[in-house]
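> Sharing a structure with you now.
The values are calculated or read from the model by the stated rules, or taken from the named source; none is laboratory data. Owing to the predicted nature of the structure, the values given are computational and were not obtained by experimental measurement. Every residue, glycine as well, gets a Cβ built from its backbone with ideal geometry; the counts of neighbours run over all protein chains shown.
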Amino acid sequence: MTTMVATAQVKAKASDRTIAENRLGLKLVAPAVVVMVLVTAWPMIQALYLSLFKYRLTVPDDRAFTGLGNYATILSDSLFWKDTLNTIIIMIVTVAIELVIGFAFAMVMHRIVFARGLMRTAILIPYGIITVVSAFAWQFAFSLNNGFVDGWFHWLPWIGTDTNWYGDHWHAMFAIMVSEIWKTTPFMSLLLLAGLSQVSEDMIEAAKVDGATWTQRLVKVILPNMRAAIMVAVLFRALDAYRIFDNIFIMTKGAQDTESSSFLTYRQVIEQFQLGMGSALSVLLFLSVLLIAFILVKLFKVDLAAARGEA
Amino acid sequence: MSPQEPHPSRRIRRTLAVAAALAMAGGVLTACGGSSGKPTLTWYINPDPSQPANFKGPFGQAGIAARCSTSKYTIQVQELPGDATQQRIQLARRLAAGDTGIDLMSLDPVFTGEFANAGFLAPLPDSLQSSLKSVTLPGAVSGATWGGRLAVAPLWANTQLLWYRKSFAQKAGLDMSKPVTWDQIIKAASQNGGTVGVQANKYEGYSVWINALVAGAGGSIIQNAAKGDNATITIDSTAGKQAAAVIDELSHSKAAEGDLSVSNEGTVLGPFATPQGAFQVNWTFIYANYKADKATFNDLGWTRYPETVAGKPSRPPLGGINIGINKATTHRADAYAATRCITSEANQVRYAIETGNMPARTSAYNAPDLRKAYPANLLAAFRSSLQAAAPRPVSPYWSDISSAIQSTWHPPTSVNSSTPQKSASFISDVLKGRKLL
């Protein structure tokens, strides 16, 4: 009986301590929570609210509650779907190419012995350049009159001479994607390098001793053990690529139907001052990003399960 | 140390706090115009052309600001982005927020309707309006008018001419002393290995070209612009089809420059100075631009903007800059006085000589200094072109209308006889909020 009372007292003291600790914890995180709510949640709530109105900044008399009218207009508009398709194409193509090139860079950086720091820095330089600057550089590179792409690669059959890279949809999309890939491949390789360094050298060595070829070691040992790193890299880059804006704004300003979802939102809010329609677009963009994240995370889980032999 | 006496460290802190407060108050006073209390008017300007290396002192609009500063106020300039769209965005966002940091602004005529309708501009006093109306070119007045009143004060007016290489026109057998048509110059250039430079990128400059072509055929893009989103859309007309035919012809001819779909006022300058250079339509700054290139300059000819339809006088594009006064300015009386000075004939003439941007005042074209700086026939061409010019519709929705036109008329190779109908229906849908831009 005495023991039970003592135990209860100890538990009560522990409970009091936990409550006190929780209170202290809440007090400590409260400022951060307030800031987060102010800078993140409040604008989102505002956007959601504005998306229910016809609201144009420069026509003050023409404001009205439209309910889901803006969403209905957007979802029935071919431009929205065309821009969404552009965005998905840019996301899939750039992330796939970045994954391949980034992995190759990661392998090189992992194995490199001579001037390792210098070589890694050199590979990472594009990522350190501000996107606006790199986009301007690529815009110049693809320009018809004095860009180096036309001058250097004119012998390639699909380039030829005097190619107006901004003259049609696919050439312009190609130019945009090249600039995006050039800029962000180092980021991909950085994440993959981290994953590569987690792969056990002993395991690779054992496979080698067992007679596995380089390709077999890559496919059967290295890649399966890097699956988590690959998926994290893909997730990060896919979400980033889906919000592509700077390159398009600088290189084509959306001409030749090269607009992305972010660019369409920018045009509505910033250029047309259509705050209601633009807010509805930003809400849809947010939901799209969530959906992509959800799909990729699901794939990630399945793959991990498969890797563990649980599937 | 008595209990009432503050601790030394507290004393130091208090002294520092008082010093900081005084410094901040001083800073605020300085920002308000200095210790003398003389206000500073802030004039947001569009960028001027580059200042010549041998030019001394304040140049362009900064020069006007310096000359118009008085003992009562100082005018300082703040430069806006170079792109007209970006200028509009920056100004509109600040004005909508009631920013009192803007007193005066250099405004492209195409935004007059939107800004005036939104209530961003302070109304010009009747006396200033009537004096400006009586001395300003009619085209510049119409581009500055909203709701029957002058909403902004015209500073300079711009127009496009047909610039050509005299040697090429001679080789092609064209008589440039008479009006020429788009068809004539496209054929002449195609058949003689030359090019015709135009502005056909997906931007406002392309709308300028389309508006001039439609107006040149006797039509218009919209009518009753004052009705806002209920304006009558009239681009789907014979004039619209004739305009489309010109773009169709040029874009599918050998006279089209390789970068036609991304061409602008700047990109056409280079090709014009090559052996393939034949014709270009461009603003008044071209004359000064080629001065450094003697071979091109000596071969440079100019004439009235080409006709869309043979025998029907062309309606050249109209541009320029007007001075708007922020409704939220705290120095409205000073801003009115400054506007009178900025748009005076003397300043318009000097500005035209410095930058190549022509005066909006009719009488300025007779000013001896301007006549010394430009050939008499060039000044006459500018003036007659400005008198015949067709401004883009002054509408609060022009930005939407222009973007809708660009969406349906771009790239130029896609333009055909059905384009005017497509654009009319798209403009209507956009104005009614049924379609996205």
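> For A:Asp210, only one of the following conditions fails: (1) out of contact with any Leu (no Cβ under 7 Å at 6 or more places or on another chain); (2) closer than 28 Å to A:Leu299 by Cβ; (3) more than 14 Å from every other protein chain (Cβ to nearest Cβ). What is its number?
(2)
> How about the range A:119-132: which of its residues are modelled with pLDDT of 85 or more and closer than 21 Å to A:Gly102 by Cβ?
A:Ile125, A:Pro126, A:Tyr127, A:Gly128, A:Ile129, A:Ile130, A:Thr131
> Of all residues in the range B:232-285, which are surrounded by fewer than 21 Cβ atoms within 10 Å (Cβ to Cβ), more than 13 Å from every other protein chain (Cβ to nearest Cβ) and in a helix (DSSP H, G or I)?
Once the filter is applied, which keeps residues that are surrounded by fewer than 21 Cβ atoms within 10 Å (Cβ to Cβ), more than 13 Å from every other protein chain (Cβ to nearest Cβ) and in a helix (DSSP H, G or I), the range B:232-285 yields B:Thr238, B:Lys241, B:Ala245, B:Asp248, B:Glu249.
> Out of all the residues in the range B:190-215, which are under 16 Å from B:Thr303 (Cα atoms) and hydrophobic (A, V, I, L, M, F, W, C)?
B:Val196, B:Val198, B:Ala212
> Still on this structure, I have one more. If you take the residues of the range B:389-402 that are part of a helix (DSSP H, G or I) and within 17 Å of the chain's Cα centre (by Cα), which of them is nearest to the other protein chains (Cβ to nearest Cβ)?
That would be B:Ser399.
> Tally the residues that are assigned to a loop (DSSP other than H, G, I, E, B) and of a type outside the set (Ser, Thr, Tyr), restricting the search to the range A:226-284. Even if it seems obvious, please write down each step before you answer.
Start the filter on the range A:226-284 by keeping residues that are assigned to a loop (DSSP other than H, G, I, E, B), which leaves A:226, A:243-245, A:252-260, A:272-273.
Subset that is of a type outside the set (Ser, Thr, Tyr): A:226, A:243-245, A:253-257, A:259, A:272-273.
The qualifying residues number 12.
> Scan the range B:191-231 for residues that are more than 14 Å from chain A (Cβ to nearest Cβ), of a type in the set (Gly, Ala, Ser) and in a loop (DSSP other than H, G, I, E, B) and report the count.
Here the count works out to 6.
> If you don't mind, another one. Return the pairs, sorted by first residue and then second, in which the second residue is outside any loop (DSSP other than H, G, I, E, B) and at pLDDT 85 or above, the first residue lies in the range A:50-64 and is more than 9 Å from chain B (Cβ to nearest Cβ) and over 11 Å from A:Leu275 (Cβ atoms), the beta carbons are less than 7 Å apart, and the residues are 6+ apart or on different chains.
Qualifying pairs under 7 Å: A:Leu52/A:Phe65; A:Ala64/A:Phe53; A:Ala64/A:Lys54.
> Here is a further query. Which of the following residues is out of contact with any helix residue (DSSP H, G or I) (no Cβ under 7 Å at 6 or more places or on another chain) and within 13 Å of chain A (Cβ to nearest Cβ): B:Ser414, B:Ser428, B:Ser384?
After applying the criteria, what remains is B:Ser414.
> Looking at the range A:224-267, which of its residues are of a type in the set (D, E, K, R), modelled with pLDDT of 90 or more and more than 16 Å from A:Ile90 (Cα to Cα)?
Hit for the range A:224-267 is A:Arg267, nothing else.
> For the range A:229-254, give me each residue that is within 14 Å of another protein chain (Cβ to nearest Cβ) and either closer than 24 Å to A:Asn70 by Cα or not hydrophobic (A, V, I, L, M, F, W, C) (or both).
Of everything in the range A:229-254, those that are within 14 Å of another protein chain (Cβ to nearest Cβ) and either closer than 24 Å to A:Asn70 by Cα or not hydrophobic (A, V, I, L, M, F, W, C) (or both) turn out to be A:Thr252, A:Lys253, A:Gly254.
> Using the structure shown, decide if A:Val100 is modelled with pLDDT of 90 or more and over 19 Å from A:Ala238 (Cα atoms).
No, not satisfied.
> Can we say A:Gly102 is over 25 Å from the mean Cα position of the chain (by Cα), assigned to a helix (DSSP H, G or I), closer than 30 Å to A:Trp214 by Cβ and of a type in the set (Gly, Ala, Ser)?
no
> How many of the residues in the range B:49-79 are closer than 30 Å to A:Ile250 by Cβ and buried (at least 20 other Cβ atoms within 10 Å of the Cβ)?
So the answer is 3.
> Here is a follow-up. List every residue pair whose Cβ atoms sit under 8 Å apart, with the two residues 6 or more apart in sequence or on different chains, where the first one lies in the range B:320-332 and is under 13 Å from B:Thr42 (Cα atoms) and the second, anywhere, is surrounded by fewer than 21 Cβ atoms within 10 Å (Cβ to Cβ) and aromatic (Phe, Trp, Tyr).
From the range B:320-332, the pairs are B:Ile325/B:Tyr336; B:His331/B:Tyr73.
> What are the residue pairs meeting all of these: first residue in the range A:114-136, first residue assigned to a helix (DSSP H, G or I), second residue among the acidic types (Asp, Glu), Cβ atoms under 8 Å, and 6 or more apart or on different chains?
From the range A:114-136, the pairs are A:Thr131/A:Asp246; A:Val132/A:Asp246; A:Ala135/A:Asp246.
> Which ones in the range B:356-375 are in a helix (DSSP H, G or I), in contact (Cβ under 8 Å) with a residue 12 or more places away in the chain and within 23 Å of B:Ala388 (Cα to Cα)?
So in the range B:356-375, the residues in a helix (DSSP H, G or I) come out as B:363-366, B:368-373.
Then keep just the ones that are in contact (Cβ under 8 Å) with a residue 12 or more places away in the chain; that gives B:363-365, B:369-370, B:373.
B:Ser363, B:Ala364, B:Tyr365, B:Leu370 - these are the residues of the range B:356-375 that are in a helix (DSSP H, G or I), in contact (Cβ under 8 Å) with a residue 12 or more places away in the chain and within 23 Å of B:Ala388 (Cα to Cα).
> Then there's this: Across the range A:212-252, what is the total count of residues that are among the β-branched types (Val, Ile, Thr) and more than 26 Å from A:Leu85 (Cβ to Cβ)?
Total satisfying the criteria: 6.
> Which residue out of B:Ala337, B:Ala373, B:Ala364 is surrounded by 24 or more Cβ atoms within 10 Å (Cβ to Cβ) and not basic (Lys, Arg)?
Just one listed residue meets the conditions, B:Ala364.
> State the number of residues belonging to the range A:266-277 that are within 10 Å of chain B (Cβ to nearest Cβ), of a type outside the set (A, V, I, L, M) and either touching a residue at least 24 places away in the same chain (Cβ under 8 Å) or within 14 Å of A:Ala47 (Cα to Cα) (or both).
Total meeting the criteria: 5.
> Then there's this: Report every pair of residues separated by at least 6 positions or lying on different chains whose Cβ atoms are under 8 Å apart, first residue within the range A:81-95 and surrounded by 16 or more Cβ atoms within 10 Å (Cβ to Cβ), second among the hydrophobic types (A, V, I, L, M, F, W, C) and not in a helix (DSSP H, G or I).
A:Thr87/A:Ile244; A:Ile90/A:Ile244; A:Met91/A:Ile244
> Same structure again: Please find, among B:Val196, B:Val214, the residue that is in contact with a Leu (Cβ under 9 Å, 6 or more places away or on another chain) and surrounded by 18 or more Cβ atoms within 10 Å (Cβ to Cβ). Lay out the reasoning, then the answer.
On the way: B:Val214 fails: in contact with a Leu (Cβ under 9 Å, 6 or more places away or on another chain).
Answer to the selection: B:Val196.
> Examine the range A:201-213 for a residue that is of a type outside the set (S, T, N, Q) and either touching a residue at least 24 places away in the same chain (Cβ under 8 Å) or under 30 Å from B:Tyr397 (Cα atoms) (or both), and state whether such a residue exists.
no
> Then there is this: Applying the selection to the range B:117-130, what residues are out of contact with any Lys or Arg (no Cβ under 8 Å at 6 or more places or on another chain) and either more than 14 Å from chain A (Cβ to nearest Cβ) or closer than 17 Å to B:Arg392 by Cα (or both)?
Within the range B:117-130, B:Asn117, B:Pro125, B:Asp126, B:Ser127, B:Ser130 qualify.
> Name every residue in the range A:58-70 that is assigned to a loop (DSSP other than H, G, I, E, B) and crowded, with 18+ Cβ neighbours inside 10 Å, in order of residue number.
Residues satisfying the conditions are A:Thr58, A:Val59, A:Thr66.
> With respect to B:Pro411, is the statement that it is closer than 24 Å to B:Leu161 by Cα and without any contact (Cβ under 8 Å) to a residue 12 or more places away in the chain true?
No: the conditions fail for B:Pro411.
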